[in-house]
Each structure stands twice: as C-alpha cells, then as structure tokens.
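What follows is a single structure, written as structure tokens, with notes after it.
The values are calculated or read from the model by the stated rules, or taken from the named source; none is laboratory data. Keep in mind that what you see is a predicted model, and the values were worked out from it rather than measured.
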Amino acid sequence: MAFLSVGSVSHGTMRFEDLYPAFLSTLRQYNPECADKIEAEYDAAPDTAAPGSTEDDREGWTLEALFDALDELAPEGCYFGSHPGDGADYGFWHHETYDSESEE
C-alpha cells in the first residue's frame with residue numbers, strides 16, 4: 001500500500017457532488033475493491049432503497065460508508081474526517097491528544 005499523508009482530500013465544500021468523487025478517488029487508490037463496492041451500492045440504491053427513503057438518505061449512507069472506509073486507512077495516530085478548525089476541510093488529520101498530566 002502506498003503511504004497516506006496527513007492533509008486535505010477535499011476542502012471548501014460540503015456538497016455531496018463534490019465530496020463523493022474526491023473521497024471515492026482517494027479510497028480507490030488504496031482499496032479499490034472497497035471503492036468499487038461502495039460505488040456499486042450507491043448506483044444500485046434507487047432500486048433497492050427502503051420505502052420512504054430519499055436521495056438525501058442515499059447520499060448520507062454513501063458518505064458514511066466512505067468516511068468509515070477512509071478512516072480505516074488513516075495513518076497511525078490519525079483519523080479521516082473534518083479538520084478541527086474548518087468543518088468544510090475533509091482529510092486525514094492527527095488526533096488531538098489530551099495529556100492529563102499537563103493539567104496537574
């Protein structure tokens with residue numbers, strides 16, 4: 001597997017139509033089988049969606065699956081999600097650690 005670096009995958013937007021291709025492309029570089037599965041599930045969702053579900057639900061489930069898959073690929077000590085200081089900047093970030101001894 002190639003090295004995943006800390007930093008942005010997508011920034012400046014929270015729109016599905018921007019996040020989906022950026023997240024899927026990143027996942028495809030490191031786990032193409034998982035990316036293919038998520039893409040196939042998204043493409044099939046209109047035919048298999050639960051009654052009463054909406055396009056927003058479908059997009060939400062797809063982004064959740066992408067977040068989970070990308071988080072599993074995060075380098076040690078990091079997570080995949082929004083930047084702590086910018087909710088529209090998504091990528092791989094270092095966990096903020098709490099040192100309880102520094103508070104004593």
Review point. Residues in the range 13-50 that are more than 15 Å from the chain's Cα centre (by Cα) and at pLDDT below 95: how many?
Key: 10
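Are any of the residues in the range 76-95 in a helix (DSSP H, G or I), modelled with pLDDT of 90 or more and either farther than 13 Å from S8 by Cα or under 20 Å from the mean Cα position of the chain (by Cα) (or both)? Spell out how you get there, then give the answer.
From the range 76-95, those in a helix (DSSP H, G or I) are none; that's our starting set.
No, the conditions are met nowhere in the range 76-95.
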